[in-house]
Amino acid sequence: MSQPGAMRSEAGAGHNAAAELLALYRSLVLIRRSEERLSRMFADGEVPGFIHLSIGQEAVSAGVMSALTPQDTIASTHRGHGHAIAKGISLDGFFAELLARDTGLCRGRGGSMHVADMSVGMLGANGIVGAGVSIALGSALAHKTQKNGAIAVAFFGDGALAEGLMHECLNMAALWKLPLLFVCENNGWGEFLPTSKQLAFTLKDLAAAYRIPHVVIDGNDVAVVAEHAASLVAEVRRDGPRVLECMTTRVRGHFEGDAQKYRDPDELAGLSARDPLDVTAGQLKALGIGESALADIADEIAARIEAAVEAARAAPMPSFEAAQADVYTVSNAARENA
């Protein structure tokens, strides 16, 4: 029979587990609803350029970021909204940036594929496949040089594995024992073609070639992602690079508006079976969290998003003069004296 103290300890552990999972669920909902709002705004012509949504992959962002400190840095991909939001960027600044407003995180100049906020360690999304990995590598080198105890995280998709830069960064991270966590969001697709038809190797093979420990997990279960991320982040701080491969699901097309005619209709119909939000909601209910608590979270987040959208719509457009101030040119006089 359990002693009273043990019973209180078990109850406390259960309460903490529910609170931690509820915080992760809140992050999942914030990412999902923000992107769904962006999708509608893009369809209405409010968002300039292209957007690439991470719907279905939110558990990777929320789970990995739960293991990081504000001093840790991340470099993202063209599908980087979830990473940015989970890392703690301002929601007002995020929507303003995607609407190309002067109050945006990058004063409207970066847009969807170049969202960055150094104040929270978000080094930026990137429109070039795999390019963010080298930025994270440089950040990891800076952390090691400064001996500040922070780590860098490089997010990339399985489509980036064929990039030469990916191999170079794995090699350098291993050689220099850099505090760098490589996180692959393996959704099975490289743009419009299954990666199984593009690669003659796996990420496990690649990590082994550079003698970097590799772990593959269910990337649609945020509790699993958070648990493994916490363990690997601790190892990275102590011993150097690690590779975390998260098997996940790309629900939308390569870009918003992609009809996905290249995908099997049966596959598309079954994508909701492992929805990260549904998986986590089920786990919370098993821990005693009721529907009303989940509904309250949904209502709170919906209100936050609408307030951010309205603030972005009301914000001023960037002035030409302000934009011009950050463009560097060489004058004729300087060119003649060079």
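From the set of residues in the range 196-216 that are open to solvent by less than 40 Å² (accessible area, probe 1.4 Å) and not small (Gly, Ala, Ser), which is farthest from ARG263 (Cα to Cα)? Among them, the one singled out is ILE212. Scanning the range 57-90 for residues that are in a loop (DSSP other than H, G, I, E, B), open to solvent by less than 10 Å² (accessible area, probe 1.4 Å) and of a type in the set (Ser, Thr, Tyr) yields a single hit, SER76.
The residues listed here are GLY93, GLY127, GLY138; of these, the one that is open to solvent by 20 Å² or more (accessible area, probe 1.4 Å) and either in contact (Cβ under 8 Å) with a residue 60 or more places away in the chain or outside any loop (DSSP other than H, G, I, E, B) (or both) is GLY138.
Residue count for the range 151-182 satisfying the condition of being open to solvent by less than 10 Å² (accessible area, probe 1.4 Å), in contact with a Pro (Cβ under 8 Å, 6 or more places away or on another chain) and outside any helix (DSSP H, G or I): 6.
Of all residues in the range 306-322, those satisfying the criterion of being open to solvent by less than 80 Å² (accessible area, probe 1.4 Å) and part of a helix (DSSP H, G or I) are GLU306, ALA307, ALA308, VAL309, ALA311, ALA312, ALA322.
With respect to the numbered conditions (1) outside any helix (DSSP H, G or I); (2) modelled with pLDDT under 95; (3) not acidic (Asp, Glu), which one is the sole condition not fulfilled by SER196? All conditions are met except number (1).
Taken over the range 263-305, residues that are open to solvent by 60 Å² or more (accessible area, probe 1.4 Å), more than 21 Å from ASP221 (Cβ to Cβ) and in contact (Cβ under 8 Å) with a residue 24 or more places away in the chain amount to 1.
Using the structure shown, decide if ALA295 is in contact with a helix residue (DSSP H, G or I) (Cβ under 8 Å, 6 or more places away or on another chain) and over 29 Å from GLY45 (Cβ atoms). The answer is no for ALA295.
The values are calculated or read from the model by the stated rules, or taken from the named source; none is laboratory data. Since the structure is predicted, the reported quantities are computational estimates derived from the model, not experimental observations. Here the Cβ is made from the backbone with ideal geometry for all residues, glycine too, and neighbour counts use every protein chain on show. When the accessible area is computed, the model is the full protein with side chains, heavy atoms only, and any ligands, DNA or RNA have been set aside. Shrake-Rupley method; radii C 1.70, N 1.55, O 1.52, S 1.80 Å.
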